[in-house]
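Take a look at the structure set out below.
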Amino acid sequence: MKHTLFCKLRLLLPLMAAVMLSFQRSTAQTRIAVVSDIHVMAPSLLDDPENTEWQAYYKGQRKMLQESADLFDQFVDQMKTSKPDILLITGDLTKDGEIASHNYVRDALAELSGSPYNIKVYVIPGNHDLGITTVYKYEATNQKTALSAEEKMADATAFKTFYENYGYGAGSTIDPNGSISYVAEPVSGLVILGIDSHNASVGEATLNWLCSQASAATDAGKQVIAMMHHPLFPHITGANLFIDTYTVANYETVRNKLIDAGVKYIFTGHFHTSDIAYDWNDDETNGIYDINTGSLISYPCDYRMLDLSADKKTLSLTTLSLNPSGSKEWLKERVKTITTDKMNAKAGNLALSFSTQINNLASFAADLFILHAEGTENESEGRKDLVSTYTGYKTNLKYNMILSYGGINDATIYSILDDKSNYGSDHENQTDDRWMDILSINDNGWGTYCTGRDLDVSLTSGLTAYQVTGVNSGKATLTAITEVPASAGFLVNGEAGTYELKASYVPVEGLPENLLTGTISPTAAPANSYVMATKNSKTGFYPAGSTLTIPAHKAYLTYNGGSSVRMISLDDEDATGIDTMESVTSDNESFYTLQGTKAGSLRSGLYIKNGKLIIIK
């Protein structure tokens, strides 16, 4: 009898240990902060903001360079509070590569990467970080002095040495082909490609090396995230009208090779607007998200925060902003001034005859740019006014002449107004710019989720969402829903794979009967809570141990059904049996009863400790 019982229990040990350890790993999410184009100008470079030489230079800037150090300090303070696991900086760390500015940045990064914050920081250079020919310091006597060679970041080699602790040191593999691109694995299962595009290009040998590294990581089941300063592809039709080097050179080749190597996400900067777009390879069999992040010193002063699930497949991204006083009006006036000056210069002798139209078009351009910078184009009330204004311009002879002369076309304007990226006549993409929720479904077909925005799940093909409206005889009552309110927990079902969830731009009402509670941040499991897990090929809700921390962007079920309910199933499977009696817990040091409660004083009986069944005589 004892021998038979022992044999049965021994057969259960590997299963129980695997179940508990599996859920313990699932709580290990990774939080990543992403910031770009911080353009720090060390305060020592500007003795007097009223310097006339400085004011003449500053007039043509849409960057709040005078406030750059203060804004960077605000961001650093926020990192100290939020304590992400990883911080990615996608280039243009400084105004123009001044050593004083680089020192200002590096000192802050040293603080963030040290105790007690211990944030792993990775940087790549932008076009403002090294090799700038002429850089000035502005003195109080209304003079400017060119910095010496020793006061500037000379080249890529110097940059790599300077930022050795932030991507270029131990734990990273540097491109053997001469660029300062690198590959790192900051946490197990997550590989970072740091792509050097400071000159708006990536060499063929470098690209091939990066893709071989990405392919190897992908084949090993790891998630690969790339970062590069220049956008991977245009987010706006005719983007070159705004800036010649909007994208990395030969972007189609770079895009296709990264996609073929298994890279699904790349973080970029350069254009100072927050925009997310999806593009395909040439045969449209696979694609990649280019998550372009705005600048800390350009309205609306954005940065990104990303949560990755433990298996690195579910991704929840939100956009946060600093709040400098008056930045929106500051940017609008700067854009109007710069646009007016450029249009007047191009119009030449015709400027006086068209001054009213030029000023009005400059104001329109400022409003359009702010709409794009905010990343809410297709849902903004201001969009309607801009569409009406533009329609009026197109029917007015003088306005139409200026638009035609300036090379501005409907495709460019409506690409912004509709937040659509057009890649030729065969396909286009519209992706939410400030939020992104990529949900992964495993082979069991089920998952839970929660996010901070209203969702319309009906817009995602192949995915069904449910709320739990009751529990009867150990079985959950599931009610299908198509719309989910912000912060609500819900169930999803679909084929194994990843799904992009879409926002609902109509406010979604609450789910008063829903027994699921969502988690925006990691949450200690409350009493009477059940979490989803798969044990012995059975997927359902299992009792949460008292020490379990439920990960962010998940949902748990609250049910006070008593200790007899060992599992709440999603189908007609029996909810009893010894293989469903253990509780899910992240505590490896304590003894637990078979009912999933933490044991106090130990008596004779069966207990679970460290995933093993223990017999106390």
### Message
Return the residues of segment 311-321 that are buried (at least 19 other Cβ atoms within 10 Å of the Cβ) and either without any contact (Cβ under 8 Å) to a residue 60 or more places away in the chain or outside any strand (DSSP E or B) (or both); say none if nothing qualifies.
### Response
LYS312, THR314
### Subset of segment 486-511 (residues that are surrounded by fewer than 20 Cβ atoms within 10 Å (Cβ to Cβ), closer than 17 Å to ALA476 by Cβ and not aliphatic (A, V, I, L, M))
ASN493
### Message
If ASP443 meets every condition in (1) closer than 29 Å to SER274 by Cα; (2) part of a loop (DSSP other than H, G, I, E, B); (3) modelled with pLDDT under 95 apart from one, which number is that one?
### Response
(1)
#### Entry: The lone exception for ASP283 - which of (1) within 13 Å of ASP433 (Cα to Cα); (2) over 16 Å from the mean Cα position of the chain (by Cα) it fails
(1)
### Count of segment 72-108 residues which are surrounded by 22 or more Cβ atoms within 10 Å (Cβ to Cβ), farther than 25 Å from ALA552 by Cβ and under 23 Å from the mean Cα position of the chain (by Cα)
6
### Query
Only one of (1) surrounded by fewer than 18 Cβ atoms within 10 Å (Cβ to Cβ); (2) outside any helix (DSSP H, G or I); (3) touching a helix residue (DSSP H, G or I) at 6+ places or on another chain (Cβ under 7 Å) fails for ASN344. Which number is that?
(2)
### Members of segment 475-485 that are under 17 Å from ASP456 (Cβ atoms) and crowded, with 17+ Cβ neighbours inside 10 Å
ILE481, GLU483, VAL484, PRO485
### Query
Can you tell me which residue in segment 470-509 is farthest from the chain's Cα centre (by Cα), limited to those that are of a type in the set (D, E, K, R) and assigned to a loop (DSSP other than H, G, I, E, B)?
GLU509
### Message
Considering only segment 126-143, I want to know if a residue exists there that is assigned by TED's automatic domain parsing to the domain that holds LYS95, in contact with a strand residue (DSSP E or B) (Cβ under 7 Å, 6 or more places away or on another chain) and over 30 Å from ASN51 (Cβ atoms).
### Response
no
### Query
Just a yes or no: is a residue in segment 294-307 surrounded by fewer than 16 Cβ atoms within 10 Å (Cβ to Cβ) and of a type outside the set (Phe, Trp, Tyr)?
no
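The values are calculated or read from the model by the stated rules, or taken from the named source; none is laboratory data. All values reported here derive from a predicted model rather than from experimental measurement. When we count neighbours, we look across all protein chains shown, and the Cβ atoms used for this are built from the backbone with ideal geometry, even at glycine.
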